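Engineer: One structure follows; several queries about it will come next.
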Amino acid sequence: MGDDSFMNKCLICREEIKPFISFGKMPLGNGFLLPEQFAEEYYFDMDAAFCSNCKMFQLVQQPDEEQMFHENYAFFSGSSVFMAKHFQKFAEDVIKNYLPDDPFVVELGSNDGIMLKNFADQKIRHLGIEPSRNVAEAAKGKGVECVTEFFTESLAEKIVREKGQADAFLAANVMCHIPYLHKVVKGIATLLKPTGIVMFEDPYLGDVLKKISYDQIYDEHTFLFSATSIQYLFGQYGMELVDIIPQKTHGGSMRYVLSNKGTRDITEAVTEQLSYEKENKFDRKDTYDNFKQNCEKSRDKLVELLKDLNTQGKRVVGYAATSKSTTILNYCGIGPELIEFISDTTPIKQGKYTPGSHIPVRPYSDFKDNYPDYAVLFAWNHAEEIMAKEQDFLKSGGKWIVFVPDVKILE
Ligand code: TYD
């Protein structure tokens, strides 16, 4: 009998998987910290793999869940105006197109209530499930009802006993965070009414491959989904994709709409997306080997550019201490010698240092009051919103450095 203890297994179908890229030792994307914590900083091996059987793109090792989502979780969804509008439209779509009379809506990972607030305001019965206590408290302050727990089948059973089955199960930028997805989908199957709808969105694998936005790969993103991999997973629980809608958020996301098999018509968008993924070889190893080479090229170009500016004595700062920037900074080996500080509007991050790379995170006013020569746009996914409000930076002679899809200085 062969010993398979050294094999890595796909989190979805349990087939053997082999990493095609290693990003090296990586700290937590949201692990902003103080100097006295540097010595005990948590790292894991960040390798990514693609399963040739079920087509799921995934991280090979998962860091401890308790290290990631806790009472001091630093990410507050409500920090972007654009995202608040996005979730308002998402909620309107659900209410208008999918909800029956007297509906009950459940959201997984309701964060600070940015989405459910829209249901609460209309007095629609709802429940948020949010394991990070500090963000859940912020949601409660907005009149959003939530439980501070991880979603499991037993929690789903408890909700059904106390509140009945759900008409809609929603999640945004949450499903791809969960390594034990089978338990969640089982829980969804228990929670959902037979006629209910599942709608969730996450960064789309297709955008990451096309834009070389490898910064979407970090500890919290256990998976990068595609229509193909989602169809496979939910198919095992009697559900199917009925619609699929690309989103601009997070630099390119996909909204998946699923229901129990045979309960709704399937839109052409679903068939088209599945064909697109086949045509673009999402199921082939070479696609990922090519992606790896593109990541390496992007890394080398960014490091060269920053070193060059440093030699010229230019002031370079970072704009927005995103979780994504943790992958860039650590994979590229960029520290405070190349980036003076990173400006961020989130109070909980200010005064701390970036995970692994230990660049100071400073309040936005530090950027605004003394514009640098260059700013690296780490929140490239919010480029439109940021560029529009930072006209004065350009007027001061400042320039943006971007790295998605290409590393360049915006002229
Ligand atoms: P986002 O891309 O949503 O984050 P992540 O990669 O962590 O998922 O960016 C959110 C971060 O960017 C948050 O720390 C706030 C910061 N930010 C600014 O500092 N200024 C801005 O104008 C915007 C839009 C975001």
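Engineer: Suppose we filter the range 110-123 for residues that are at pLDDT 95 or above, under 19 Å from I188 (Cβ atoms) and not aromatic (F, W, Y); how many remain?
Structural biologist: Here the count works out to 2.
Engineer: Here are some residues: L155, L192, L170. Which one is surrounded by 22 or more Cβ atoms within 10 Å (Cβ to Cβ) and under 26 Å from S323 (Cβ atoms)?
Structural biologist: Exactly one of L155, L192, L170 is surrounded by 22 or more Cβ atoms within 10 Å (Cβ to Cβ) and under 26 Å from S323 (Cβ atoms), namely L170.
Here's the yes/no breakdown for (1) away from the ligand (no atom under 16 Å from the Cβ); (2) outside any strand (DSSP E or B); (3) at pLDDT below 95; (4) within 17 Å of the chain's Cα centre (by Cα):
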| residue | (1), (2), (3), (4) |
| --- | --- |
| A48 | yes, no, no, yes |
| E66 | yes, yes, yes, no |
| N72 | no, yes, yes, no |
| F75 | no, yes, yes, yes |
| F82 | no, yes, yes, yes |
| Q88 | yes, yes, no, no |
| A91 | yes, yes, no, no |
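Engineer: Among A171, A156, which is the only one that is within 24 Å of Y218 (Cβ to Cβ) and either of a type in the set (V, I, T) or at pLDDT 95 or above (or both)?
Structural biologist: Values: A156 fails: within 24 Å of Y218 (Cβ to Cβ).
Result: A171 is the single residue among A171, A156 that is within 24 Å of Y218 (Cβ to Cβ) and either of a type in the set (V, I, T) or at pLDDT 95 or above (or both).
Engineer: Among the residues of the range 161-178, are any in contact with a Gly (Cβ under 9 Å, 6 or more places away or on another chain), aromatic (F, W, Y) and closer than 26 Å to G262 by Cα?
Structural biologist: yes
Engineer: Could you please tell me which pairs satisfy a Cβ distance under 6 Å, a separation of 6+ or placement on different chains, a first residue in the range 332-346 that is closer than 16 Å to L309 by Cβ, and a second residue that is away from the ligand (no atom under 16 Å from the Cβ) and among the β-branched types (V, I, T)?
Structural biologist: C332/V303; I339/V316
Engineer: While we're here: Out of the range 110-128, which residues are buried (at least 24 other Cβ atoms within 10 Å of the Cβ) and either without any contact (Cβ under 8 Å) to a residue 24 or more places away in the chain or closer than 18 Å to M199 by Cα (or both)? Please lay out each step first, then the result.
Structural biologist: First, the residues of the range 110-128 that are buried (at least 24 other Cβ atoms within 10 Å of the Cβ): 110-116, 119, 126, 128.
Within the range 110-128, S110, N111, G113, I114, M115, L116, F119, H126, G128 qualify.
Engineer: Considering only the range 321-358, how many residues are charged (D, E, K, R), over 15 Å from L34 (Cβ atoms) and within 12 Å of the ligand (Cβ to nearest atom)?
Structural biologist: 2
Engineer: Would you mind stating whether N381 is at pLDDT below 95, within 28 Å of F50 (Cβ to Cβ) and buried (at least 22 other Cβ atoms within 10 Å of the Cβ)?
Structural biologist: yes
Engineer: Restricting attention to the range 209-222, report how many residues are surrounded by fewer than 24 Cβ atoms within 10 Å (Cβ to Cβ) and either assigned to a helix (DSSP H, G or I) or without any contact (Cβ under 8 Å) to a residue 60 or more places away in the chain (or both).
Structural biologist: 3
Engineer: Which of the following residues is at pLDDT 95 or above and touching a strand residue (DSSP E or B) at 6+ places or on another chain (Cβ under 8 Å): Q247, Q236? Walk me through it before giving the result.
Structural biologist: Working: Q236 fails: touching a strand residue (DSSP E or B) at 6+ places or on another chain (Cβ under 8 Å).
Being at pLDDT 95 or above and touching a strand residue (DSSP E or B) at 6+ places or on another chain (Cβ under 8 Å) holds for just one of Q247, Q236, which is Q247.
Engineer: So, in the range 359-388, exactly how many residues are in contact (Cβ under 8 Å) with a residue 60 or more places away in the chain, within 14 Å of the ligand (Cβ to nearest atom) and in contact with a strand residue (DSSP E or B) (Cβ under 8 Å, 6 or more places away or on another chain)? I'd like the intermediate steps shown before the answer.
Structural biologist: Of the range 359-388, the ones in contact (Cβ under 8 Å) with a residue 60 or more places away in the chain are 361, 373-374, 376, 378-382, 384-386.
If we keep only those that are within 14 Å of the ligand (Cβ to nearest atom) too, we end up with 361, 376, 378-382, 384-386.
Still in the list and also in contact with a strand residue (DSSP E or B) (Cβ under 8 Å, 6 or more places away or on another chain): 361, 376, 378-380, 386.
Residues flagged as in contact (Cβ under 8 Å) with a residue 60 or more places away in the chain, within 14 Å of the ligand (Cβ to nearest atom) and in contact with a strand residue (DSSP E or B) (Cβ under 8 Å, 6 or more places away or on another chain) within the range 359-388 amount to 6.
The values are calculated or read from the model by the stated rules, or taken from the named source; none is laboratory data. Keep in mind that what you see is a predicted model, and the values were worked out from it rather than measured. All Cβ positions, glycine included, derive from the backbone under ideal geometry; neighbour counts span all protein chains shown.
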